[in-house]
Amino acid sequence: MKELVVLAHPTDGLARKISESYISSAKKFGKEIEFIDLYRKEPPERFLSFVNRDEAHFDPEIISVQSMISGASRITFIFPVWWYDAPAIMKNFFDRYFTKDFAFDWSSQIPKGLLKGKSVRFIMTAGAPAFIYQLGLIPVKKMWKAKTDLCGMKSEFHIFGSLNDATDKDRAAIVEKAGLIAEN
């Protein structure tokens, strides 16, 4: 199984440790991993900026990342929840690469997902308790599910909450759990 892991966090904190544990465990189980660190990638992640949407089809960077998406059975997004959503750089990643005619078609009145058969895994960290996100009181899960549904992908969510009060031991347990998630 080939998997694309996308990390959106600017520091060496918990989200990065989660990604490292996840990738290490996935490789132990024979998964082929491609990794994109949005804050450290070269060239740096550019924000969506084209006048004509059709120009995206000729951008070598967009073509390269879309090829990684196409080749993956699963895409795993790892990010902290900031202001009730993913960091802007993660939202930009989705805007830039999950484009019309690549990820979905809306030529008729009913949208059609073009990435059927792929699964998407979200691993999120948050200061608020996880149950708030699970119940939909903060709609980050609902918004990302709608995006992946539009593209025809099946999504699953893992939200690690209450991190404002987490001890080093709590954080270490979360990193370990991320490795276990990668086994499936």
Hey, Glu55 hits all of (1) buried (at least 19 other Cβ atoms within 10 Å of the Cβ); (2) at pLDDT below 75 but one; which does it fall short on?
(1)
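Just to confirm my filter: which helices (runs of 4 or more DSSP H) fall fully inside the range 68-184 and include at least 1 residues that are aromatic (Phe, Trp, Tyr) and out of contact with any His (no Cβ under 8 Å at 6 or more places or on another chain)? Walk me through it before giving the result.
On the way: elements: 88-97, 130-134, 140-150, 168-181.
In the range 68-184, 88-97, 130-134, 140-150 are the helices (runs of 4 or more DSSP H) which contain 1 or more residues that are aromatic (Phe, Trp, Tyr) and out of contact with any His (no Cβ under 8 Å at 6 or more places or on another chain).
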Ala130 being in contact with a Leu (Cβ under 7 Å, 6 or more places away or on another chain), of a type in the set (A, V, I, L, M, F, W, C), under 24 Å from Glu183 (Cα atoms) and surrounded by 16 or more Cβ atoms within 10 Å (Cβ to Cβ):
no
Of Ile75, Ile69, Ile110, which residue is among the β-branched types (Val, Ile, Thr) and farther than 25 Å from Ala15 by Cα?
Ile110
Pairs needed: first member in the range 23-48, free of Cβ contacts under 8 Å to residues at least 12 places away in the same chain; second member anywhere, of a type outside the set (Lys, Arg) and surrounded by 14 or more Cβ atoms within 10 Å (Cβ to Cβ); C-beta distance under 7 Å; at least 6 residues apart or different chains.
Lys27/Ile33
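Residue by residue, here is whether (1) under 18 Å from Phe94 (Cβ atoms); (2) in contact with a strand residue (DSSP E or B) (Cβ under 9 Å, 6 or more places away or on another chain); (3) of a type outside the set (A, V, I, L, M) holds:
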{"residue": "Ile110", "(1), (2), (3)": "no, no, no"}
{"residue": "Ile123", "(1), (2), (3)": "yes, yes, no"}
{"residue": "Gly136", "(1), (2), (3)": "no, no, yes"}
{"residue": "Asp149", "(1), (2), (3)": "yes, yes, yes"}
{"residue": "Asn164", "(1), (2), (3)": "no, no, yes"}
Residue list for the range 64-112, filter: buried (at least 20 other Cβ atoms within 10 Å of the Cβ), under 11 Å from the mean Cα position of the chain (by Cα) and over 25 Å from Met1 (Cα atoms)
Pro80, Ala86
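If only one of Leu115, Leu180 is crowded, with 17+ Cβ neighbours inside 10 Å, touching a residue at least 12 places away in the same chain (Cβ under 8 Å) and over 12 Å from the mean Cα position of the chain (by Cα), which one is it?
Going through Leu115, Leu180 in turn, just one is crowded, with 17+ Cβ neighbours inside 10 Å, touching a residue at least 12 places away in the same chain (Cβ under 8 Å) and over 12 Å from the mean Cα position of the chain (by Cα): Leu115.
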In the range 18-42, what residues are over 26 Å from Glu61 (Cβ atoms) and surrounded by fewer than 17 Cβ atoms within 10 Å (Cβ to Cβ)?
Ser24, Lys28, Phe29, Gly30
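The values are calculated or read from the model by the stated rules, or taken from the named source; none is laboratory data. All values derive from a computational prediction rather than experimental measurement. Note: ideal-geometry Cβ built from the backbone for every residue, glycine included; neighbour counts use all protein chains shown.
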